[in-house]
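Q: First, the structure itself, so that you have it in front of you.
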Amino acid sequence: MVVETFSPEETFALGEKIGREAVAGSIYTLSGDLGVGKTVFTQGVAKGLGIDEPVSSPTFTIVQIYEEGRLPFYHFDVYRIGDVSEMDEIGYEDCFYGQGVCMIEWAELVEEILPEHCTRILIEKDVAKGFDYRRITIEQA
Ligand code: ADP
Ligand code: MG
């Protein structure tokens, strides 16, 4: 599925829809360049899950856990990960194989530990279509 958005609000709204529909055990991977809108999308997902506290990129902790929503929400940003073993150290398996929803920014950096059933999301710019244009490709496993 490909969705085109023309503002951060539209990308947020798409995330919100996905958050509303997410079921326990879902894992979403997010790929795309820095500043493309991965965190904006994730903020929408959090809202859709009923999380009201502010969500920002957990760059220095790798994972941020939100438990106030409809389901536990595990927001990973693995951009600064040095080695995939750091994922073991933070106990990623409890998140990936638990009863919550995982969102993994920069998931390609931890490809080797991603389960088969991930829903893959790619966000891309196309400057020819405007500064705020984003093409969002969602590939269900
Ligand atoms: P990332 O997490 O991918 O590094 P962020 O979500 O932190 O990126 O930042 C995306 C930036 O792009 C924000 O400043 C946002 O306002 C801007 N932006 C402009 N147009 C869009 C759009 N269509 N969708 C998402 N973000 C957009
Ligand atoms: Mg981000």
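What follows is calculated from the coordinates using simple rules that are stated; it is not laboratory data. Small disclaimer: the values here were computed from a predicted structure and weren't measured. Heads up, the Cβs are rebuilt from the backbone with ideal geometry, glycines too, and the neighbour counts pull from every protein chain shown.
Q: Give, as residue ranges, the strands (runs of 3 or more DSSP E) completely inside the range 10-93 that count at least 2 residues that are touching a Pro at 6+ places or on another chain (Cβ under 7 Å) and of a type outside the set (Gly, Ala, Ser). Please lay out each step first, then the result.
A: Details: elements: 27-31, 63-66, 73-77.
Those strands (runs of 3 or more DSSP E) span 63-66, 73-77.
Q: Here is a further query. I'd like the full set of residues that are among the charged types (D, E, K, R), within 16 Å of ligand 1 (Cβ to nearest atom) and more than 19 Å from VAL3 (Cβ to Cβ), limited to the range 85-141.
A: GLU108
Q: Turning to a different aspect of this structure: Assuming GLY82 fulfils every condition listed in (1) over 20 Å from ILE121 (Cα atoms); (2) surrounded by 16 or more Cβ atoms within 10 Å (Cβ to Cβ); (3) of a type in the set (Gly, Ala, Ser) apart from one, which condition is it?
A: Just one mismatch for GLY82, condition (2).
Q: Output the residues belonging to the range 18-69 that are away from ligand 2 (no atom under 16 Å from the Cβ), within 22 Å of GLY82 (Cβ to Cβ) and among the charged types (D, E, K, R).
A: Within the range 18-69, no residue meets the criteria.
Q: Next up: Check the range 28-38 and report whether any residue there is over 19 Å from GLU9 (Cα atoms), touching a Ser or Thr at 6+ places or on another chain (Cβ under 7 Å) and not hydrophobic (A, V, I, L, M, F, W, C).
A: Yes: one or more hits.
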